[in-house]
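Everything on this sheet refers to the single structure shown next.
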Amino acid sequence: MMIYFYIFLRDFLVDFFINIRLIVGGVFMQINENFEDYENLDAITSKLDQSFREKRRYPRIDYIFDIKYEVLPTTTKQEIMTKGKDISLGGVSFEVKDNQEIKIGMFLVVKFSIKELSGELKAMGKVVRTWKEMDNSQQKERKFCAVKFTAVDPTDYEILNNFIREHLSNK
């Protein structure tokens, strides 16, 4: 009788560990492994580690590009030209000019051009993060902000989506 209990327990534990279900970012992920792979815990652990690495809803690409931004609400149309740092379908980050004060929660209009595409893309967004980085070559601190898109023209969104997909597939 005891042998049947051990076989049952072994089969239960194998099924439990082979079909691990995780909730990662609200998405169910199932890892199905063969029994041979179960013995290799490093393989399972590495798959789990990969699932926790990318927490972003939209993959971003590091890409330097020209960008103009304007703080809202505004009575004067004052667009400030700077350089973008990275971009995704969810937002953009860029360098903030020294004389500009950008705070979390501010709304901006951003306009940017990507050299591979013709025309200018436009979006409205909310500042969700600000930070500083030391530029060792110029011995000065540079300010940056991340803007989450709140409104994007559907045509511009599709253009940006195609550009990012193409860029990611070429990596």
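When region 35-70 is filtered for residues that are assigned to a helix (DSSP H, G or I), surrounded by 14 or more Cβ atoms within 10 Å (Cβ to Cβ) and either at pLDDT 85 or above or among the aromatic types (Phe, Trp, Tyr) (or both), only TYR38 remains.
Looking at region 90-104, is at least one residue modelled with pLDDT under 90, open to solvent by 30 Å² or more (accessible area, probe 1.4 Å) and hydrophobic (A, V, I, L, M, F, W, C)? So far as region 90-104 goes, no, none of its residues is modelled with pLDDT under 90, open to solvent by 30 Å² or more (accessible area, probe 1.4 Å) and hydrophobic (A, V, I, L, M, F, W, C).
For LYS111, the stated conditions hold: it is touching a Lys or Arg at 6+ places or on another chain (Cβ under 6 Å), among the basic types (Lys, Arg) and open to solvent by 20 Å² or more (accessible area, probe 1.4 Å).
Residue-by-condition table, conditions (1) under 18 Å from the mean Cα position of the chain (by Cα); (2) touching a residue at least 60 places away in the same chain (Cβ under 8 Å); (3) closer than 16 Å to LYS83 by Cβ:
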position: ARG129; (1), (2), (3): yes, no, no
position: ALA146; (1), (2), (3): yes, no, yes
position: THR150; (1), (2), (3): yes, no, no
position: PHE163; (1), (2), (3): yes, no, no
position: LEU168; (1), (2), (3): yes, yes, no
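What's the total number of residues in region 77-114 that are of a type outside the set (Phe, Trp, Tyr) and more than 18 Å from PHE65 (Cβ to Cβ)? Within region 77-114, residues that are of a type outside the set (Phe, Trp, Tyr) and more than 18 Å from PHE65 (Cβ to Cβ) number 11.
The residue pairs whose first member lies in region 110-125 and is of a type in the set (Phe, Trp, Tyr) and modelled with pLDDT of 80 or more, whose second member is surrounded by fewer than 21 Cβ atoms within 10 Å (Cβ to Cβ) and in a loop (DSSP other than H, G, I, E, B), and whose beta carbons are closer than 8 Å, counting only pairs six or more residues apart or on different chains, are PHE112/GLU120. Exactly one residue among ASP156, ASP86, ASP135 is without any contact (Cβ under 8 Å) to a residue 40 or more places away in the chain, touching a Ser or Thr at 6+ places or on another chain (Cβ under 7 Å), open to solvent by less than 30 Å² (accessible area, probe 1.4 Å) and not aliphatic (A, V, I, L, M), and that residue is ASP86.
The values are calculated or read from the model by the stated rules, or taken from the named source; none is laboratory data. Here the structure is a predicted model, which is why all the values come from computation and not from measurement. A quick note on method: Cβ atoms are made from the backbone with ideal geometry, for glycine too, and the neighbour counts reach across all protein chains shown. With ligands, DNA and RNA removed, areas are computed over all heavy atoms of the protein, side chains included. Shrake-Rupley method; radii C 1.70, N 1.55, O 1.52, S 1.80 Å.
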